[in-house]
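Report on one structure; see the data block that follows.
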Amino acid sequence: MSTVPAYPVRLEGELDPAMSRGLWLVKWLLAIPHYIILIFLFIAFLVVSVIAFFAILFTARYPRSLFDFNVGVLRWSWRVGFYTFHANGTDRYPPFSLAPEDYPASFDVAYPEQLSRGLVLVKWWLLAIPQYIVIGFFGGLPFWTDWGHRAETSSRIGLIFVIVLFAVIAMLFTGRYPRAMFDFAIGMNRWVYRVVAYAALMRDEYPPFRLDQGPTEPAAAPPAQAPDPSGA
């Protein structure tokens, strides 16, 4: 039986079962080298996105090397976010790498063989406005200011930060990360990164207004079957 494909942006993160109660107090400090590199990576990300805009407009294709670079930037950002206050899901220090690595947090986008030349003109600003409102609530500031790299660069606090803060305080006193809070935080991050990939012109499929919680992406669901005309 054929299935309806899952959304082509995949964000996952496995909660480390044995984390330090207090390391989260200094993780933001330990991650400073990553923050510095990510500043330059996101500048390059924006430049690459502009180049990709014109490539898609004239050729209907996102150059593969540019696509892989931008996916790598988002992958790096998500690992750092997972280590710090986007999830605080592991004590393992994130690798300095754009490539897939053996790490509890992973991110990928399926490469599109062809993209709409018309959508590239409107999806990143007009069509995505409702999504920006949602992820602005999640992340705490307008999406276009830093393309998903939120809590480390602004004093405005979003729901992701609040949920993770309550979770790590609970962990400080109980030694356990509340699983429901972790799943909720992952779901919000998943929504944010889907919108990031859409607005960065990587996919034409509109991000679903759906909070898919939990460490892994939801499995593809079978399509609805038409009624049997025989009545059997």
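Since every read-out is calculated from the coordinates, none of them should be taken as a lab result. Because the structure is a prediction, the values reported are computed rather than measured. Reconstructed Cβ throughout: ideal geometry from the backbone, glycine too, with neighbour counts over all protein chains shown.
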How large is the Rg to Rh ratio of the range 39-127 when both quantities use alpha carbon positions and Rh follows Kirkwood?
1.04
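Evaluate E = 1/(1 + (r/R0)^6) for Asp16 and Ile129, where r is the Cβ-Cβ distance and R0 equals 30 Å; express this FRET efficiency to the nearest 0.05. Numbers along the way, then the final one.
On the way: r = 37 Å, r/R0 = 1.22.
FRET efficiency, Asp16 to Ile129: 0.25.
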Lys and Arg at +1, Asp and Glu at -1: neighbours of Ala55 with Cβ under 11 Å from its Cβ sum to +3
Unit charges on C-beta of K, R, D, E only; dipole of the chain, Debye
440 debye
Between 0 and 90°, nearest 10: helix 159-174 axis offset from the chain longest Cα axis
40 degrees
Debye equation applied to the C-alpha atoms of the chain, log10 I(q)/I(0) at 0.10, 0.11, 0.17 Å⁻¹:
-0.47, -0.57, -1.25
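If I take R0 = 41 Å and measure r between the Cβ atoms of Val26 and Thr59 in this structure, what FRET efficiency does the formula 1/(1 + (r/R0)^6) give, to the nearest 0.05?
Details: r = 47 Å, r/R0 = 1.16.
With R0 = 41 Å, the Cβ-Cβ based efficiency is 0.30.
For the peptides 178-187, 128-137, what is the packing order when you average, over each peptide's residues, the other Cβ atoms within 10 Å and list the highest mean first?
Working: 178-187: 18.4, 128-137: 16.2.
So the peptides 178-187, 128-137, ranked by packing, come out 178-187, 128-137.
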Estimated inter-spin distance, Ser116 and Gln213, nm [label 7 Å along Cα→Cβ]:
3.2 nm
Karplus couplings for the range 100-110 from phi (6.51 cos²θ - 1.76 cosθ + 1.60, θ = phi - 60°), rounded to Hz, Gly and Pro as x?
x, 9, 7, 8, x, 10, 9, 8, 7, 10, 5
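Between Thr174 and Asp102, how high is the FRET efficiency from 1/(1 + (r/R0)^6) when r is the Cβ-Cβ distance and R₀ = 30 Å? Nearest 0.05.
Numbers: r = 29 Å, r/R0 = 0.97.
Given R0 = 30 Å and the Cβ-Cβ separation, E is 0.55.
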